[in-house]
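Taking it in order: structure first as C-alpha cells, then the write-up.
The values are calculated or read from the model by the stated rules, or taken from the named source; none is laboratory data. No experiment lies behind these values; they were computed from the predicted model shown. Cβ atoms come from the backbone with ideal geometry, glycine included; neighbour counts cover every protein chain shown.
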Amino acid sequence: MTKVLIVKMTSMGDVLHALPALEDLAEHVPELSVDWMVEESFSDIPSWHPLVDRVIPVATRRWRRWSRANYGDFRAFLKSLRKVPYDYIIDAQGLMKSAAFARLARLVPGGQRIGYSGDSIKESPAAWLYSNKVAVSRDEHAVERLRLLICGAFDAQTPEIRRSYSIKTSFDTKEGAQNRLIAKKSVFLFHGTTWATKHLPETLWYRIAERVLNNGYTPVLTWGNDIEHQRAQRIAEHVEGAVVLPKSSLTQLAAILCDASGAIAVDTGLGHLAAALDVPCVSIYGATDPALTGTYGRFQMQLQAEIVCAPCLSKTCSELGDGVTEPPCYATFAVESIWQSLVHQISARERAIGV
C-alpha cells in the first residue's frame, strides 16, 4: 500500500479545488491510501471523498495564541501525524506555512516531499523544503494547477480537463433526504465573503431575492458569522418568502445544497461548493479574477464586472469617497442578466439529466 499525505490547509475554495487531483493521483499510484492535512474549520471537505482515509485537522490560528490547552493540542496533533510514515508528502498549498507543516510528517526511506517549483508559487522559499519540485504555469486555473502538480510529480502526461469532484454520492443519505423539502425548487443566495471589495451591495441582494421569488423559487440564505446572519435576516425581512437557514456544518449544508435548483454567489467558498456538487450557479466577480480561481465545474457561469479597474485584486477600493460608498464595479450588474444566466445553467443541468 502506497501512503500519501496531501497538505492543503485553506481556504474552503482552495481545499475543494484539490479534490479533482485525487482522481489523477489514483491513476498514477496503485494501491493508494490518502491522508489529508487541513485546517479544522474545513476538515469536513476531504472526508467527503472516497479516496481519503484519514483527515488530520490543524488549528494554526488557535495555536498562535499560547496556552497550556493549545500546546497540548499541538503535541497531540504532532504525535498523531508522526505515527504514520508516508511514501509521498504533497504540499498542494505552496506556502511557507504549509511547507513547514509538511516537514513535520515522516517519510519512509526513499520517500519524497513534493511541491511546486519556486517560480510557480508566491512564496518561493517554500520550494526549498521539497525534494521533488514541479514547475506549473501560474496562468492555469487553480484546479488544473493542482492536477498538473500531481501529474508532473509522477512523470505523467498532461491530463485532459476533469470536471468531477467525486463527492456528491457522499450526501445520498437519510439526512440529505430529510432536507429535500427545504431545497426543493430553491435558489441559494451566497452573500457572505471575506474582502469588503467582494461584497455585492445589499440592495442588489434584495432585488435578486425578489426576482428569484417572483419566478417561483424560494430564496435560501446561509450564514457563517453574526454579520452574515444579520444581513441574511435583513434580506429575508425585505423579501417575504425568503428562508434563512440555521447555522449548519459544511456537511449539513452540502446535504441540503445537493438538491437545490441553483445558486447565486459572490466570490466565496460556498460558490465553489455548489460547483463541486454540480449545482447550477452564477458567481459574480468584481475585484477578483475568475480566470484563475473562479468556480470550476459543470453548470457554472462567472460574471465579471465590466469596468476598467476590474479585476483590481485589492481588498480596498480606491474609488470610494466623494459620495461613493460602494465599489462601483458592482453597479455594472443587472438583476435580469444575473437571473437569465442562472436560468440558462439550470436548463443545461435539466437537459443533462433528462428532466
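Given the condition at pLDDT 95 or above and within 25 Å of A26 (Cβ to Cβ), answer yes or no: does some residue in segment 59-79 qualify? Looking for residues that are at pLDDT 95 or above and within 25 Å of A26 (Cβ to Cβ), one finds none in segment 59-79, hence no.
Scanning segment 201-227 for residues that are buried (at least 22 other Cβ atoms within 10 Å of the Cβ) and either under 19 Å from the mean Cα position of the chain (by Cα) or not assigned by TED's automatic domain parsing to the domain that holds L277 (or both) turns up L221, T222. I'd like to verify a number: residues in segment 3-24 that are under 11 Å from the mean Cα position of the chain (by Cα) and in a helix (DSSP H, G or I), how many? Within segment 3-24, residues that are under 11 Å from the mean Cα position of the chain (by Cα) and in a helix (DSSP H, G or I) number 7. Looking across I307, I264, I338, one residue alone is modelled with pLDDT of 95 or more, among the aliphatic types (A, V, I, L, M) and more than 24 Å from S41 (Cα to Cα). It is I338. In segment 270-287, the qualifying residues are those that are touching a Gly at 6+ places or on another chain (Cβ under 8 Å) and in a loop (DSSP other than H, G, I, E, B), and the one that is farthest from H17 (Cα to Cα) is P280.
Taking (1) within 22 Å of R145 (Cα to Cα); (2) surrounded by fewer than 19 Cβ atoms within 10 Å (Cβ to Cβ) in turn, L78 satisfies each apart from (1). Applying the set (1) in a loop (DSSP other than H, G, I, E, B); (2) without any contact (Cβ under 8 Å) to a residue 24 or more places away in the chain; (3) not aliphatic (A, V, I, L, M) to E237 leaves exactly one unmet item: (1).
Rundown of residues vs (1) touching a helix residue (DSSP H, G or I) at 6+ places or on another chain (Cβ under 6 Å); (2) closer than 17 Å to G152 by Cα; (3) not assigned by TED's automatic domain parsing to the domain that holds R162, yes/no style:
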| residue | (1), (2), (3) |
| --- | --- |
| T10 | no, no, no |
| G13 | yes, no, no |
| V29 | no, yes, no |
| S33 | no, no, no |
| W36 | yes, no, no |
| F42 | yes, no, no |
| I45 | yes, no, no |
| W48 | yes, no, no |
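Check whether at least one residue in segment 124-136 is assigned to a strand (DSSP E or B), assigned by TED's automatic domain parsing to the domain that holds V15, surrounded by fewer than 17 Cβ atoms within 10 Å (Cβ to Cβ) and touching a strand residue (DSSP E or B) at 6+ places or on another chain (Cβ under 8 Å), and report yes or no. Within segment 124-136 (the criterion being assigned to a strand (DSSP E or B), assigned by TED's automatic domain parsing to the domain that holds V15, surrounded by fewer than 17 Cβ atoms within 10 Å (Cβ to Cβ) and touching a strand residue (DSSP E or B) at 6+ places or on another chain (Cβ under 8 Å)), the answer is yes, since at least one residue qualifies.
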